[in-house]
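This report concerns only the one structure given below.
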Amino acid sequence: MRTASKSPFRLVLIMLGLILASGPAPAADYDLVINNGRVMNPANGLDSVRNIGIRDGRIEAISRDALDGKQQVEVGGLVVAPGFIDLHAHGQREFESWLQARDGVTTQLEMEAGVYPVAAWYEQRAGASPINYGATVGHPPVRIATMADLKSIGLDESDLAVGLLNNEHFGAIAAQRNWVEDPANAEQLAGILERLQRGLDEGALGIGFGINYTAGATREEIYRAFGVAAANNVSNFVHSRFGYELELGGSVDAVQELLANAAATGAGLHIVHIGSSGGSRVPLLLEMIDSARRNGINVSTEVYPYTAWSTFIGAALFDGDFRNNLGIDYGDIELPSSGERLNQERFELLRRESPGTIIVGHGMKEDKVAAAVAHPGVMIASDGMFYNEGRAHPRGAGTFSRVLGYYVREKHALSLMDALGKMSYLPAKRLENAVPQMKRKGRIEIGADADLVIFNPETVRDNATFSEPALPSSGIEHVLVNGVFVVRNGAPQKDESPGRAVRR
Ligand SMILES: [Zn+2]
């Protein structure tokens, strides 16, 4: 609601306005004004109707008063929130970036698997993305660059820069097992640490790990890599060593390794997708993470709002007695390319002959996922995968709207403000010490980047399903990236590419 100002100062302004109005038209104060939205800012708890003035890609006014803009957009009845920041976005080609934009994401970061070489990856993305982008230097691609025999499959390090899972050569890379299974010798370990440092020197946002995918990496290797992060004042973003239900070699064991490394090196730690990594142990792991934080460890975690996970069929987590270890059976494994559920014979054939095949595993319990989504401090991140002919896990298209529609509106699992904080302010806070650019993201304040999502809280919902995983979310009416509409009235603005690099 607007409150009329009755100050004499205001009267003077009005008179001045009348004088000016009789002369040539004055230049507008703002490039764009967003009028009468319900502004929700998790950084300070503001939840009130305001007008927002945007100039040069930044928020320059937040006011109850009318603002003068070259362009005015009326958003009465809609929520205006900081654009969502996805810490875990593998799919960052045009197809996936647009799906994420339509889910309210304004910054997509590949923090888990990471990339290598880092500078080449950023160069490929420059000027071509609707939303902001960035990545860690990835321990998995660094391990491949150091240990795999790339020459024998006609590649060199620079071929890794497109990312791993969308790499047309990923099947051939995954078929090589030494980077997965072997411990690094002294020379290789030195090569791994050196490449991690090079990646940070080239502006990577931290170090990413998929220890479950590089099972041969020793405790020492991971500890030393954490040391590189500590020396550079960045955090580690980690898929833990095991996601199993076992007492030894299970998820509790794995999280304890990471907490110990964080304590021993002083490096920050972010544990990715606690839902899929934690299984039935999620409540215990969240308790351990909270307790570690209270005791001075710099640790955080995230979850995606689905009960199924996704990976490639050659992954090391399918080694050994995976049905017992993961608590699933062959029929819980689905090929997103066709919807086919596997049996033992099909599973073994695909694993042997096309280990890069992407699968979906149905194996998490709804109550554990809901508890993690609602748990204070746990961030929302998609783990969105690359789409292959329009098929992948639907989390790449619907994660953020699913939290708003299903968990907030339908299940009342958490408040709308808390949900928005988990998607914008908390991820920005997590990164801002290492990445000062993030101080201008995840909040609605003067000087912040004009990355905004404007949605209808009564209708916002995910539409992507396992059978139709590329259906865009609905209820996301407008999305602005650096002050430019990439979604307007629900429609993607495909000619726009205002996304900028987030880089140290
Ligand atoms: Zn993962």
Select from the stretch 332-377 the residues that are farther than 30 Å from Pro283 by Cβ and among the charged types (D, E, K, R) and write down the one among them that is surrounded by the most Cβ atoms within 10 Å (Cβ to Cβ). Arg351
Please list, ordered by residue number, the strands (runs of 3 or more DSSP E) wholly in the stretch 268-329 having 2 or more residues that are modelled with pLDDT under 95 and within 16 Å of the ligand (Cβ to nearest atom). 308-312
Give the residue that is nearest to Trp309 (Cα to Cα), with candidates limited to residues of the stretch 61-89 that are open to solvent by 10 Å² or more (accessible area, probe 1.4 Å) and in a loop (DSSP other than H, G, I, E, B). Leu78
For residues in the stretch 256-267 being part of a helix (DSSP H, G or I) and open to solvent by less than 30 Å² (accessible area, probe 1.4 Å), which is nearest to the ligand (Cβ to nearest atom)? Leu258
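Pick out the one residue from Lys494, Lys439 that is at pLDDT 95 or above and assigned to a helix (DSSP H, G or I).
On the way: Lys494 fails: assigned to a helix (DSSP H, G or I).
Exactly one residue qualifies, and that residue is Lys439.
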Give the stretch 235-255 a look and list any residue that's within 11 Å of the ligand (Cβ to nearest atom), modelled with pLDDT of 95 or more and touching a helix residue (DSSP H, G or I) at 6+ places or on another chain (Cβ under 8 Å), or say none. Val238, His239, Ser240
Of the conditions (1) at pLDDT 95 or above; (2) farther than 22 Å from Leu420 by Cα, the single one that Arg38 does not satisfy is (2)
Considering the stretch 418-469 alone, what residues qualify as being within 18 Å of Val75 (Cβ to Cβ) and surrounded by fewer than 19 Cβ atoms within 10 Å (Cβ to Cβ)? Asn456, Pro457, Glu458, Thr459
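The values are calculated or read from the model by the stated rules, or taken from the named source; none is laboratory data. Quick caveat, the model's predicted, so the values are computed rather than measured. So basically every Cβ, Gly included, is an ideal-geometry build from the backbone, and we count neighbours across all protein chains shown. All accessible areas refer to the heavy atoms of the entire protein, side chains included, with ligands and DNA or RNA removed. Shrake-Rupley method; radii C 1.70, N 1.55, O 1.52, S 1.80 Å.
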